[in-house]
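Enquirer: Provided herewith is a single structure, encoded as structure tokens, for subsequent inquiry.
Since every read-out is calculated from the coordinates, none of them should be taken as a lab result. From a predicted model like this one, the values you see are computed outputs, not experimental measurements. Here the Cβ positions follow ideal geometry from the backbone for every residue, glycine too, while neighbour counts run over all protein chains shown.
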Amino acid sequence: MKAFLVANPKGGSGKSTLATNLAGYFASKRHEVMLGDIDRQQSSREWLGIRPFAAPTIDTWEIGLDAVARPPTGTSHIILDTPAGLHGRMLERVLKLSTRVIVPVQPSIFDMLATRHFLTELLAEKAVRRGKADVAVIGMRVDARTRAAAQLERFFATFDLPVLAYLRDTQVYVQASGAGLTIFDLPRSRAARDVEQWQPIIEWAEASGHPAAGAHAEGP
């Protein structure tokens, strides 16, 4: 079973967007996918509630801050959406369920400052130090023409971590999520650019081994 933890202590960093679309990709490949949500806002769980019946199936299971239970037997892929402020014992607990950790970061100084502290804590966790959970970062809502995008690229360069992609700032994600869908459920003509940006993420997620540290996506 492949288990992905989507985490960042900063609210509004793009965790639910990333978690739902990753689940949507695996569902489009007919895997047995489960999307868990331990955020009090339950954004991912509510999104599942509006997902069309005809869309590829994504299930969930009973899960909470105080009882992070393992998903049912037979699940091939799980994605765990997490709350802002994740740290300490809760971080340690959810890492035990995870084989890969994705940290989304938006190009703002506040996001980068919060993420720096989080990544330092995350990389010190036993599961990460012992290679039981791989960590990678993704730039979210990035406009390559801005100084903020260049600043985010420099920020990522201070960590020896794979930078999987820089996802553009677009209403395609907003419109898809509002209908209970992902970019992988949309007509190719409508989401081709975004699906293309996801290819390095997909390759990393599908890989069976541990990705090489320091591998970087092209800058924004």
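Enquirer: Out of Ile79, Ile58, Ile38, which single residue is on the phi < 0 side of the Ramachandran plot and either of a type in the set (Phe, Trp, Tyr) or touching a residue at least 60 places away in the same chain (Cβ under 8 Å) (or both)?
Expert: Ile79
Enquirer: Where the second residue is exposed (fewer than 14 other Cβ atoms within 10 Å of the Cβ) and of a type outside the set (D, E, K, R) and the first is without any contact (Cβ under 8 Å) to a residue 60 or more places away in the chain and closer than 15 Å to Phe110 by Cα and lies in the stretch 145-173, which pairs have Cβ atoms under 9 Å and are six or more apart or on separate chains?
Expert: Ala148/Ile109; Gln151/Ile109
Enquirer: Still on this model: For the stretch 15-32, how many residues meet the condition of being of a type outside the set (Lys, Arg) and either surrounded by fewer than 22 Cβ atoms within 10 Å (Cβ to Cβ) or over 18 Å from Val94 (Cβ atoms) (or both)?
Expert: 9
Enquirer: Just one of (1) of a type in the set (A, V, I, L, M, F, W, C); (2) surrounded by 19 or more Cβ atoms within 10 Å (Cβ to Cβ); (3) without any contact (Cβ under 8 Å) to a residue 60 or more places away in the chain trips up Val195, so point out which.
Expert: (2)
Enquirer: Still on this model: Going by the structure shown, is Thr115 surrounded by fewer than 22 Cβ atoms within 10 Å (Cβ to Cβ) and within 18 Å of Ala84 (Cα to Cα)? Steps first, please.
Expert: Details: surrounded by fewer than 22 Cβ atoms within 10 Å (Cβ to Cβ): no; within 18 Å of Ala84 (Cα to Cα): yes.
It is false that Thr115 is surrounded by fewer than 22 Cβ atoms within 10 Å (Cβ to Cβ) and within 18 Å of Ala84 (Cα to Cα).
Enquirer: Please determine, by comparing only the residues of the stretch 85-99 that are charged (D, E, K, R) and part of a helix (DSSP H, G or I), which one is surrounded by the most Cβ atoms within 10 Å (Cβ to Cβ).
Expert: Per the stated criteria, the residue is Arg93.
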